[in-house]
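Data first, discussion second: the structure below is written as structure tokens.
Just so it is clear, none of the values below were taken in a lab; they were calculated from the coordinates. Predicted, not measured: the structure shown is a model, and the values here were computed from it. As a convention, Cβ positions derive from the backbone with ideal geometry for all residues, glycine included, and neighbour counts pool all protein chains shown.
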């Protein structure tokens, strides 16, 4: 059994938890940060929320370009966007966004600051994905 098998054939298929994409990281610059502790059952929800918060306050994970009316997300959200639809795609589509983009925005909305939350909900912007830097990160 490989880590790839565990991620894609077990965790993604058997559990509806798109937060795993901020937890299972490849240690690249554009990845969410590596944790200094193991994920545990008792703390998993808090740990996933913490990971998402850390990733989405970082320009690698999320940023708004108000001047050009664009919201940038990590390519991780592009690659695994379908995983967010079941939980975060239930609300009506945000103006100008498709169903997957709306789900990604709804997920991110939980973790960004109030000004960014307001901007995200108004719609009328383009969702774009940042180039991915595969260089090794540091702890």
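Cβ crowding within 10 Å, taken as a proxy for footprinting-reagent exposure, orders 8, 21 from fewest neighbours to most as 8, 21.
The ranking of 5, 109 by Cβ neighbour count inside 10 Å, starting from the fewest, reads 5, 109. A simple spin-label model places pseudo-atoms 7 Å from Cα toward Cβ; at residue 68 and residue 98 they are separated by 2.0 nm. Structural descriptor for the chain: relative contact order 28 percent, calculated from alpha carbon pairs under 8 angstrom and at least 6 residues apart.
Provide 15, 80, 73 in ascending order of the number of other Cβ atoms located within 10 Å of each residue's Cβ, fewest first. List each step's numbers first, then the result.
Details: 15 10, 80 16, 73 22.
Exposure proxy ranking, most exposed first: 15, 80, 73.
In the chain, the DSSP beta bridges split such that about 55 percent are antiparallel, to the nearest 5. For region 88-139, the Kirkwood estimate of the hydrodynamic radius, built from every pair of different alpha carbons, is 12.3 Å.
Modelled this way, with points 7 Å down the Cα-to-C-beta line, the labels at residue 15 and residue 128 are 3.4 nm from one another.
Rg ratio for region 46-139: its Cα radius of gyration over 2.2 N^0.38 Å, N being its residue count, equals 1.04. Using R0 = 25 Å, the C-beta based FRET efficiency linking residue 3 and residue 57 works out to 0.40.
Sort out for me the Cα centre separation of region 1-18 from region 31-54, rounded to whole Å. Cα centroid to Cα centroid, the span is 17 Å.
Just to verify a number: FRET efficiency for residue 87 and residue 46, C-beta to C-beta distance, R0 = 22 Å, to 0.05? The pair residue 87/residue 46 has a calculated efficiency of 0.80.
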